[in-house]
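The values are calculated or read from the model by the stated rules, or taken from the named source; none is laboratory data. What you are looking at is a predicted structure, and each value in this text was computed from that prediction instead of being measured. Cβ placement follows ideal geometry from the backbone for every residue including glycine, while neighbour counts extend to all protein chains displayed. Side chains included, ligands, DNA and RNA excluded: accessible areas come from the protein's heavy atoms. Shrake-Rupley method; radii C 1.70, N 1.55, O 1.52, S 1.80 Å.
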Amino acid sequence: MPDNSNQSPLRFHIMQFDSLASTNLFVMENKEIRQLPEGTVVLAKQQTAGIGQSGNKWLSEKDKNLTFSIILHPDFLPVASQFYLHKALSVAVREALCQLLPDIGDISIKWPNDIYIGHRKVCGMLVNNQISGNTHQLAVAGIGLNVNQTVFDPSLPNPTSLKTVAGTDFQLFDVLEKILSNFGAWYNVLKNNDLQSVDEVYLTHLLNFGQQKAYTYCNRRIEATIDGVDKFGRLRLHTADGTPLLCDIKEIQYIF
């Protein structure tokens, strides 16, 4: 966890709901909620219509997992650098899971901001932004983490959970506290404008970074190596013959 003693800590306040369709949508659709102080956490015991990247559904069993959104006001972050919020969130969640699963070494960030254990997805994130001109007024950082669920909808391609990996139940609020603590530290790294530190840790733990692997690109199989991520969050790769690629979400799929 980074040292940010020169920054005041991000203070979290948790609002818990029995059931919401989507914590991110609940915040974005309610003006009164959006105006709550930075660090407000909207937590749902059950999320009935969770949304992931590109509109994908996030299916979650009641009282078994963590589904929550953090209200942020990152006006210090240039609009062109908004993907750094995704990076800091990914790094923080991965770091928290490493602390919770100290004997598991294969925890990585799958571009853009999923957390994988091995080749299975344990956590997904979605950040909704509200931008006015050149000002980053609001960000709603949604996190869905599989904690104690062990049976999943067969439509999900590769889910896992902390319990599946560790073989034991976890206290949900202990896991939440660990995630928030780590994110608060990395959020202050962004406030300090130390983008290089965020980049270094994000790329160090980015799945397949620097390795030639198989992908599906434009409906064809290719061999390519991930070079990094540009400032807009697009994935940079080069193919086996050296051809550069720059990909948005849904343009490229990993092959495991």
Legend entry - Over the stretch 91-188, relative contact order from alpha-carbon pairs under 8 Å, at least 6 apart, %: 25
Legend entry - Extension reserve of the Thr243-Asp199 stretch, reckoned as 0.36 nm per residue once the Cα distance is removed: 13.5 nm
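Given axes a ≥ b ≥ c from the Cα gyration tensor, I'd like to know whether the stretch 141-245 is rounded (a/c under 1.5), prolate (a/b larger than b/c) or oblate. Mind dumping the intermediate values first?
On the way: a/c = 2.79, a/b = 1.28, b/c = 2.18.
Here the stretch 141-245 falls in the oblate category.
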Inset, instruction - Pop out the carbon and sulfur fraction of the accessible area of the stretch 26-183 as a percent, whole number, probe 1.4 Å. - result: 46
Legend entry - Accessible surface, 1.4 Å probe, highest first, among residues Phe26, Phe68: Phe26, Phe68
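Where does each of Ile33, Ile115 land when they are ordered by accessible area, with a 1.4 Å probe and the largest first? Before the final figure, lay out the partial values.
Numbers: Ile33 25, Ile115 0 Å².
Greatest to least solvent exposure: Ile33, Ile115.
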Inset, instruction - Obtain the nm distance between the two label points defined at Ala21 and Asp75 by a simple spin-label model: each point lies 7 Å from its Cα along the Cα-to-C-beta direction. - result: 3.1
Inset, instruction - Express in nm, to one decimal, how much length is gained between Gln171 and Arg11 on full extension, taking 0.36 nm for each residue of separation and deducting their alpha carbon distance. - result: 55.5 nm
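Would you calculate a helix-derived [θ] at 222 nm for the chain, using -39,500 (n - 2.57) for each DSSP H run of n ≥ 4 and dividing by the full residue count, to the nearest 500?
Values: 6 runs with 63 residues, N = 256.
Only helices count here, giving -7500 deg cm²/dmol.
State, as an integer percentage, the relative contact order of the chain based on alpha-carbon contacts under 8 Å between residues 6 or more apart. Show your work: numbers first, answer last.
On the way: 505 pairs, mean separation 47.4, N = 256.
Reported relative contact order: 19 percent.
Quick check for you: with a 1.4 Å probe and neighbouring chains kept, what is the accessible area per residue of the chain, in Å²?
Numbers: 11980 Å² over 256 residues.
About 47 Å² of surface per residue is accessible.
Any chance you could tell me what percent of the C-alpha pair distances in the stretch 74-179 go past 19 Å?
Working: 2613 of 5565 pairs.
When every Cα pair of the stretch 74-179 is considered, 47 percent fall beyond 19 Å.
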Inset, instruction - Using only the alpha carbons of the stretch 189-246, determine the length spanned along each of the three principal axes and report them from longest to shortest in whole angstroms. - result: 42, 19, 17
Legend entry - Zero-based 5 Å bins, Cα pair distances in the stretch 177-221, whole percents: 5, 17, 15, 18, 14, 9, 11, 9, 2
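Among the listed pairs Lys45/Lys163; Lys110/Lys178; Lys110/Lys213; Lys178/Lys250, which are separated by more than 19 Å between their Cα atoms?
Values: Lys45/Lys163 17 Å; Lys110/Lys178 21 Å; Lys110/Lys213 13 Å; Lys178/Lys250 31 Å.
In this structure, Lys110/Lys178; Lys178/Lys250 exceed 19 Å between Cα atoms.
What FRET efficiency comes out for Asp103 versus Gln137 if R0 is 41 angstrom and r is the Cβ-Cβ distance? Round to the nearest 0.05.
Working from the Cβ atoms, E equals 0.45.
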Inset, instruction - Go ahead and run the numbers for FRET between Gln253 and Asp230, Cβ-Cβ distance against an R0 of 22 Å, rounding to 0.05. - result: 0.70
Inset, instruction - Run through all the Cα pairs of the chain and give the fraction in each 10 Å bin from 0, expressed as whole percent. - result: 7, 31, 37, 21, 4, 0
Inset, instruction - Take the Cβ-Cβ distance between Lys191 and Arg220 as r, set R0 to 41 Å, and report the resulting FRET efficiency rounded to the nearest 0.05. - result: 0.45
Inset, instruction - Mind giving me the nanometre distance, one decimal, between the label points for Lys62 and Leu36, set 7 Å out from Cα along Cα→Cβ? - result: 2.1
